[in-house]
Structure formats: C-alpha cells, structure tokens
Amino acid sequence: MKSLFSFLDGFAERRSRRLAQQTSRRSLLVGLSKLMVASAFTLPVLPFDRTSQAHAAGGHGGGGAAHKGAPTDTDCDYWRYCSVDGFLCSCCGGSATTCPPGSTASKVAWVGTCRNPADGKDYLVSYTDCCGRTPCGRCFCNTNHGDRPGYRLGVHNDVNWCMANDSSVYHCTVSVIVGVAEGAS
C-alpha cells in the first residue's frame, strides 16, 4: 500500500513540475478567465428552486393560495404579476396601475405575457417602476415567468428601470395591461 501512495505522490509531483515548466502564468490566467466567463453565461440559465423563498414570504408562489381564496392585487399570485420583480405599488400607497404620490413612472419598462385564468386569454402586461422615493419595502414579488438572462436587457426584469429618470431611486412597480397577446385564445 505504501508503494501505491509513493507512486501517486511521485506521479503528481512530476505532472505538476512539467505543467509549471510548460505553462506560463499568463496562459494559466487566460485559461482560468475563459473558464470563468463561460461559467458566467451558463450558470444563470440553470434551473433553481425558489420554493423555500416562496414559503418564507408567506406562501406566495404556490401551495398557500388554495386556502385563502382568489389572489388580489396585493398578492404575488395575482395573474397580472406573472413577471414582476419588485415591490407592489398596490401595497405602497398606489394601485396596481398607478404610482404612489411623490413618485414618477419610469420612462422605460419591461413587458411580460400573463394568462388571465378568468377568461383563459394571454395579455401583454407592462411593468413600470415608480421612481423618486426610497424603496417601499412591502409586498416584494419575484415571479420571473418568462424572464431571460441578464445579457438580453430588453427581456430581463432585474434591472433598475429608473435609470432614465431624473431620480434613479426605485420605489415600487405597477403592472398595466397593454392588450391581448397575438394568437391568444
């Protein structure tokens, strides 16, 4: 057994020395950088489980909705919030479609497609951030249905959309129905 360990130790030492002699630090850093960049593009698209976050937030996102009745506009399970990422303005002094007093609607927004269970149709929903006040801190929802990775800015919701306004301070998010999605039943 001792000879096996000696052999493995010697083999590892010889390979390490040969690698050190044939590889420069710069090429090693380039290789590691390529590996890190490649992993940055693949890791965000891997599936991950958010059920523990949903249960910690009071049952939003599954399981707990059945016993409390139909979701309202202050509930993350409400159908028009299928792609929202932020605090709901309906909990922050505004409504599902209007910003609270003292805040202004962002000049840019993201659009999601949500299915209304009442009529079975898909609707285009514009998610607009309300800016100019400190973050609301109530009714945080992060549903992300149909969200794309961050390198596609126009279809990614995890962006401070207040960046085009005079004040880039984010307060809350409203969801305005823009219309029925094409091809919807």
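The values are calculated or read from the model by the stated rules, or taken from the named source; none is laboratory data. The model shown is predicted, which means the values in this text are computed figures rather than measured ones. With ideal geometry, Cβ positions are generated from the backbone for all residues, glycine too; neighbour counts draw on all protein chains shown.
Of the strands (runs of 3 or more DSSP E) lying entirely inside segment 79-132, the ones with 3 or more residues being buried (at least 18 other Cβ atoms within 10 Å of the Cβ) and either outside the structural domain of Asn165 (by TED's automatic domain parsing) or on the phi < 0 side of the Ramachandran plot (or both) are found at 110-116, 121-131.
Considering only residues in segment 1-23 that are surrounded by 10 or more Cβ atoms within 10 Å (Cβ to Cβ) and polar (S, T, N, Q), the one that is modelled with the lowest pLDDT turns out to be Thr23.
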